[in-house]
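A.B. asks: Structure in structure tokens, see below.
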Amino acid sequence: MALKPGDLRNIAHLARLHIEDDSIDRYADDLSSILELVDQMNRVDSSGVKPLANPLDATQRLRDDEVTEIDEREKFQQLAPDVEQGLYRVPRVIE
Amino acid sequence: MARSITEIRDGLTQGKYSSVEITQDYLDRIEQHNPALNCFISVTPEIALQQAGEADRAIADGNIQALTGVPLAHKDLFCTDGVRTSCGSRILDNFVAPYDATVIENFKKAGAVMLGKTNMDEFAMGSSNENSYYGNVANPWDLNRVPGGSSGGSAAVIAAGLAPGSTGTDTGGSIRQPAALCGVTGIKPTYGRVSRYGMVAFASSLDQAGPFAQSAEDCALLLQTMAGFDRRDSTSAEESVPDFSADLNHPIEGLKIGLPKEYFGDGLDSQLAATIEAAITELRKLGAEFCDISLPNANLSIPVYYVIAMAECSSNLSRFDGVRFGHRCDNPRDLEDLYKRSRGEGFGDEVKRRIMIGTYALSAGYYDAYYLKAQQLRRMIKDDYQKAFTEVDLILGPTTPEVAFAIGAKTDDPVSMYLQDIYTISLNLAGLPGISLPVGFVDSMPVGMQLIGNYFDEARLLNTAHCYQQVSDWHLQRPQAFA
């Protein structure tokens, strides 16, 4: 299926990716050729086959609800672009 | 200098040289050759020499662990406490990991020395190492060709003798394909065999770590340290780990090996096919028995893989938001602008393509047609293998359809690049282990052969590869420029 520039802009928005205007057509073409490859899947009838999510068909391992990690906020926040009083700063969201 | 890990271990314990001496040798070689190859994103000489000094003191005290004093290089995708972990991406260019991956922790406990962090395709997305923010890696056999990817740096350091062992990760072939293209040995274990904790996630149901080295014997030593259950990885397998070195010399007489007809059809270079045939003849002389098998859904592997891998990557990479760590754009207008421009500036082309395909495949109205369909076909691919393994012990085929291609040859056509992984990708979908080992040359470039095993049967892969390497010397050949 061929994606139009409008489709590409919509996908980029959903993915929260800024794409330069002059790259929109190129990405739309690239993605369309990938989707063409992916459409080969439709040649095969898979009705009734149980989807496989984990290659070993493993299920989620559970553990007791006990605290196992220590608080390392200061260490982790050293990596952040902008922090104040232990909080991550971002542009104002609510006016 | 092409010392094996086994040789280095013996040399260190027998006092032929110290870890500091051998580590300095490798650091000197890296300084000399890395500018031409670009194998490393970060070289860590201070850490290496400090760890080597500690190793020498441990050896003097008789406190020798599995890899005490052995220098290794790690793919820049494993978190290393206090050392930049870039994953080949601008978005993590300033990311100094605050903890060690389990794999790194295991190597520290085993006494290994870290030389540095190797170059890779950004977020392990690529088959040529051309998608790195830090530039492409050259193939040591021909500097104008690619080393393969995504673990291109880790494969090239072995070929060029810049480290005797290294780590990689394999989501669709990222250990086996560069191992083949660089003429080294690399193994992707069973999904869940090695902990994913502290690996930057690409596609969580496919990602698996493994080692590169000159030989299967050395890979066995490295895998021994890497493997094992880890409660910090929710998909870690609760399976006991055998002694991978113990059965290396077990005779392979009577071993049943299947040859999938789908792996020897159109698309395989004819000279490369002849090289694989010659290796089959050698294995036959060792007593292995061959039969033809079929993996009828093998041709679906690439489309299925690209839906699943891209869907999982779009979800995994949503964590890179410019808020808690990594690149943030200048002067964001609002929160949405901060997300969009930080990610737009931080990610390269291929990563953006994959995030967008994954986002599309998971979006409302398309989930059943893409993701669910791919998961159904994934089970059919796995079932083909399970059926085959009722008849054979191992499966054999080429690792790649052709030898290393020229830098730039496939960069304009993402789909032609994806086809490079045609023989490796189905193992990740099924979760099976595979090893690539060198079996000859075409056009003066190395050819890799792939052996595929049943779940948790890495020991048999290593055993078979080792037996072949006892009667061949392809794995000992080195590019002249780096001899």
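A.B. asks: Search the structure for amide H atoms under 5 Å from the amide H of B:L72, placed 1.01 Å from N in the peptide plane, and list their residues when 5 or more places away or on another chain.
C.D. replies: Those qualifying (amide H under 5 Å, at least 5 residues apart or on another chain) are B:V113, B:M114, B:L115.
A.B. asks: Beyond a 23 Å Cα-Cα separation, which of these cross-linked pairs lie in this structure: B:K188/B:K387; B:K75/B:K261; A:K50/B:K261; B:K188/B:K382; B:K382/B:K410; B:K117/B:K340?
C.D. replies: Working: B:K188/B:K387 21 Å; B:K75/B:K261 34 Å; A:K50/B:K261 27 Å; B:K188/B:K382 17 Å; B:K382/B:K410 30 Å; B:K117/B:K340 29 Å.
Violating the 23 Å Cα-Cα cut-off are B:K75/B:K261; A:K50/B:K261; B:K382/B:K410; B:K117/B:K340.
A.B. asks: When only alpha-carbon atoms are used, what values of Rg and Dmax, in angstrom, describe the stretch A:10-66?
C.D. replies: Radius of gyration, then largest Cα-Cα span, for the stretch A:10-66: 19.1, 53 Å.
A.B. asks: Tell me, B:C329, B:C313, B:C182 in order of fewest to most beta-carbon neighbours within 10 Å? Please report the intermediate quantities before stating the final value.
C.D. replies: Numbers: B:C329 19, B:C313 25, B:C182 33.
Sorted ascending by nearby Cβ count, the order is B:C329, B:C313, B:C182.
A.B. asks: Further question: Using the Cα gyration tensor of chain A, with a ≥ b ≥ c the square roots of its eigenvalues, what is the shape: rounded (a/c below 1.5), prolate (a/b larger than b/c) or oblate (neither)? Provide the component values of the computation, followed by the final result.
C.D. replies: Details: a/c = 3.53, a/b = 1.26, b/c = 2.81.
Oblate.
A.B. asks: Could I ask something else about it? Give me the extension gain from A:R9 to A:E72: residue separation times 0.36 nm, minus the current Cα-Cα distance, reported in nm with one decimal. Show your work: numbers first, answer last.
C.D. replies: Values: separation 63, 0.36 × 63 = 22.68 nm, distance 3.89 nm.
That works out to 18.8 nm of additional length.
A.B. asks: So what's the protein assembly as shown giving for Rg/Rh, alpha carbon basis, Kirkwood Rh from the mean inverse pair distance? Please report the intermediate quantities before stating the final value.
C.D. replies: Numbers: Rg = 23.0 Å, Rh = 24.0 Å.
We get a ratio of 0.96 for the protein assembly as shown.
A.B. asks: OK, next. Summarise the partner chain shielding of A:28-36 as one whole number: the mean count of Cβ atoms from other chains within 10 Å of each residue's Cβ. Walk me through the numbers before you get to the answer.
C.D. replies: Values: counts 1, 0, 10, 7, 0, 4, 12, 7, 2.
Counting other chains' Cβ atoms within 10 Å and averaging over A:28-36 gives 5.
A.B. asks: How big is the Rg/Rh ratio for the stretch B:68-119, C-alpha atoms only, Rh by Kirkwood, two decimals? Don't skip to the end; give the middle numbers.
C.D. replies: Working: Rg = 10.8 Å, Rh = 11.1 Å.
Rg divided by Rh gives 0.98.
A.B. asks: Once phi is turned into θ = phi - 60°, what whole-Hz ³J(HN,Hα) does the Karplus curve with 6.51, -1.76 and 1.60 give for every residue of the stretch A:49-66, x standing for Gly and Pro?
C.D. replies: Result, ordered by residue: 7, 6, x, 10, 9, 10, x, 9, 6, 6, 10, 4, 7, 10, 9, 5, 7, 10 Hz.
A.B. asks: Along the Cα-to-C-beta direction of B:K16, a point sits 7 Å from the Cα; which residues of the stretch B:157-201 have their amide N less than 15 Å from that point?
C.D. replies: Inside the label zone: B:164.
A.B. asks: Residue by residue, what Karplus-based ³J(HN,Hα) values in Hz, rounded to whole numbers, does the stretch B:148-165 have, using 6.51, -1.76 and 1.60 with θ = phi - 60° and x for Gly and Pro?
C.D. replies: So the Karplus estimates, Gly and Pro as x, are x, x, 7, 7, x, x, 5, 6, 5, 5, 6, 4, 8, x, 8, 6, x, x Hz.
A.B. asks: Let me ask something else about it. Where the centroid of each part is defined by its Cα atoms, how far is the stretch B:226-244 from the stretch B:116-192 in Å?
C.D. replies: So the separation of the two Cα centres works out to 24 Å.
A.B. asks: Could I ask something else about it? Quote the charge dipole size of the protein assembly as shown about the Cα centre in Debye, to the nearest 20; the model charges only the Cβ of Lys and Arg (+1) and of Asp and Glu (-1). Working shown, then result.
C.D. replies: On the way: 52 positive and 80 negative charges, 66 e Å.
For the protein assembly as shown, the charge dipole is close to 320 debye.
A.B. asks: Can you compute 3J(HN,Hα) from phi for each residue in the stretch B:261-269, using the Karplus curve 6.51 cos²θ - 1.76 cosθ + 1.60 with θ = phi - 60°, rounded to whole Hz and x for Gly and Pro?
C.D. replies: Those phi angles translate into 5, 5, 8, 10, x, 4, x, 8, 4 Hz.
A.B. asks: Treating only the Cβ of Lys, Arg, Asp and Glu as charged (+1, +1, -1, -1), what charge dipole size does the stretch A:1-87 show about its Cα centre? Round to the nearest 20 debye. Before the final figure, lay out the partial values.
C.D. replies: Details: 10 positive and 20 negative charges, 84 e Å.
Taking the Cα centre of the stretch A:1-87 as origin, the dipole is about 400 debye.
A.B. asks: Which order do the peptides B:190-197, B:446-453, B:270-277 come out in when sorted by mean C-beta neighbours inside 10 angstrom, highest first? Let's see the in-between values first.
C.D. replies: Numbers: B:190-197: 24.8, B:446-453: 27.4, B:270-277: 16.8.
In descending order of packing, they fall as B:446-453, B:190-197, B:270-277.
A.B. asks: Counting partner chain Cβ atoms within 10 Å of every residue's Cβ in B:23-31, what's the average? Numbers along the way, then the final one.
C.D. replies: On the way: counts 0, 0, 0, 0, 0, 0, 0, 0, 0.
Other-chain Cβ atoms within 10 Å of each residue's Cβ, averaged: 0.
A.B. asks: Select from B:T390, B:V415, B:Y366 the residue farthest towards the positive end of the dipole of the stretch B:318-426; place +1 on Cβ of Lys and Arg, -1 on Cβ of Asp and Glu, and compute about the Cα centre.
C.D. replies: It is B:Y366.
A.B. asks: Which of rounded, prolate, oblate describes the stretch B:413-483, given a ≥ b ≥ c as roots of the alpha-carbon gyration tensor eigenvalues and a/c under 1.5 marking rounded, otherwise prolate only if a/b is larger than b/c?
C.D. replies: Details: a/c = 2.96, a/b = 1.12, b/c = 2.65.
It comes out oblate by the Cα gyration axes.
A.B. asks: Treating only the Cβ atoms of Lys and Arg (+1) and Asp and Glu (-1) as charged, compute the dipole magnitude of chain B about its Cα centre; round to the nearest 20 debye.
C.D. replies: Working: 40 positive and 59 negative charges, 151 e Å.
For chain B, the charge dipole is close to 720 debye.
A.B. asks: How many angstrom lie between the C-alpha centres of the stretch B:71-110 and the stretch B:401-430?
C.D. replies: Going from one Cα centre to the other spans 27 Å.
A.B. asks: Of A:A58, A:G86, A:S47, whose Cα points farthest to the positive end of the dipole of the stretch A:47-95 (charges on the beta-carbon: +1 Lys, Arg; -1 Asp, Glu; origin at the Cα centre)?
C.D. replies: A:S47
A.B. asks: Within a 10 angstrom radius of the beta carbon, how do B:R353, A:R26 rank from fewest other beta carbons to most? Don't jump to the answer; show the numbers that get you there.
C.D. replies: Numbers: B:R353 19, A:R26 14.
Placing the least packed residue first, the sequence is A:R26, B:R353.
A.B. asks: Given H placed on each backbone N at 1.01 Å, which residues far from B:K256 in sequence or on other chains put an amide H within less than 5 Å of it?
C.D. replies: Hits under the 5 Å cutoff: B:E289, B:D393, B:L394.
Readers should treat all values here as calculations from the given coordinates under stated rules, not as data from a laboratory. In this text, all values refer to a predicted model and were calculated from it rather than measured experimentally. Here Cβ is always computed from backbone atoms with ideal geometry, including for glycine, and neighbour counts include all displayed protein chains.
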